[in-house]
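Below is one structure; the comments refer to it alone.
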Amino acid sequence: MTNTHRYDIQILRGIAVLLVVLYHLQISFFKNGFLGVDIFFVISGYLMAQLYNQGSIRSFYVRRIKRIFPSYLLTISITTFVVAYIASPVDFIQRFDRVWYDLLGISNIAFWLQSSYFDDQNFRPLLNLWSLGVEFQYYLIVPFLLDFLRKKKFLLLTTILVSIVATFFITTISTKTSFFMMPLRIWEFLIGAYIAWTYINFNNK
């Protein structure tokens, strides 16, 4: 069904990771490096449009769980243990309060409740899990959304446009809401789906 390795996608992921890392290192030339996350969401939308087969909801979720959750849970466990060992009680309480959000795949909501992504005043290990929270929540609607939009290009493009407009509108009210909340990221995943369905044969380079 698919190639085992997609070097083009790995290169794009590498670029996205580099942008985010350079942003967090506060290198002035990469002040917009957080846009690497947007690249990830488009790539994810592309891959989900290719990997999800209509009617195979169970197998889709089983594959996602096997691929993501072992390393995901290991990362949460190790980080929480290390924080408990080296951090102050106040910082550990912050980590402990968020661990339940992490385990439920809603880290983005935890950070939305707390502050902006760009607020560096709080102790926030595993801040990067917010983007996985968005992806997990997108996976929940993949079978229903993609089955509905797969052969309706006009409706797909309309959904993308409406989502973009909604995102820009919400940004004027609450920047962190447009940043952290999955419904306002739908357009990025669907751009990836549009590319997958319209322009690119998955088995071609």
Go through (1) modelled with pLDDT under 80; (2) under 30 Å from Leu145 (Cα atoms); (3) within 21 Å of the chain's Cα centre (by Cα) for Ile68 and report which single condition fails.
(1)
Let me confirm something: among Phe111, Phe169, Phe148, Phe96, which residue is under 18 Å from Gly192 (Cβ atoms) and in a helix (DSSP H, G or I)?
Phe148
Meets criteria (modelled with pLDDT under 90, surrounded by 17 or more Cβ atoms within 10 Å (Cβ to Cβ) and part of a loop (DSSP other than H, G, I, E, B)) for Arg124:
yes
Kindly establish whether Phe136 is of a type in the set (Phe, Trp, Tyr), open to solvent by less than 40 Å² (accessible area, probe 1.4 Å), under 21 Å from Val37 (Cβ atoms) and in a helix (DSSP H, G or I).
yes
Of those in the stretch 177-205 that are assigned to a loop (DSSP other than H, G, I, E, B) and surrounded by fewer than 17 Cβ atoms within 10 Å (Cβ to Cβ), the residue modelled with the highest pLDDT is Tyr199
Go through the stretch 152-180 and give me each residue that's over 21 Å from the mean Cα position of the chain (by Cα) and hydroxyl-bearing (Ser, Thr, Tyr).
Thr158, Thr172
Would you point out the residue of the stretch 64-92, among those that are hydroxyl-bearing (Ser, Thr, Tyr) and either open to solvent by less than 40 Å² (accessible area, probe 1.4 Å) or assigned to a helix (DSSP H, G or I) (or both), that is nearest to Phe136 (Cα to Cα)?
Tyr72
Given (1) under 18 Å from the mean Cα position of the chain (by Cα); (2) at pLDDT 90 or above; (3) under 22 Å from Phe60 (Cβ atoms); (4) not β-branched (Val, Ile, Thr), identify the lone condition not met by Pro143.
(2)
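The values are calculated or read from the model by the stated rules, or taken from the named source; none is laboratory data. Because the structure is a prediction, the values reported are computed rather than measured. Methodologically, a virtual Cβ is constructed for each residue, glycine included, from the backbone with ideal geometry; neighbour enumeration extends over all protein chains shown. Areas reflect the complete protein model, heavy atoms only, side chains present, ligands, DNA and RNA absent. Shrake-Rupley method; radii C 1.70, N 1.55, O 1.52, S 1.80 Å.
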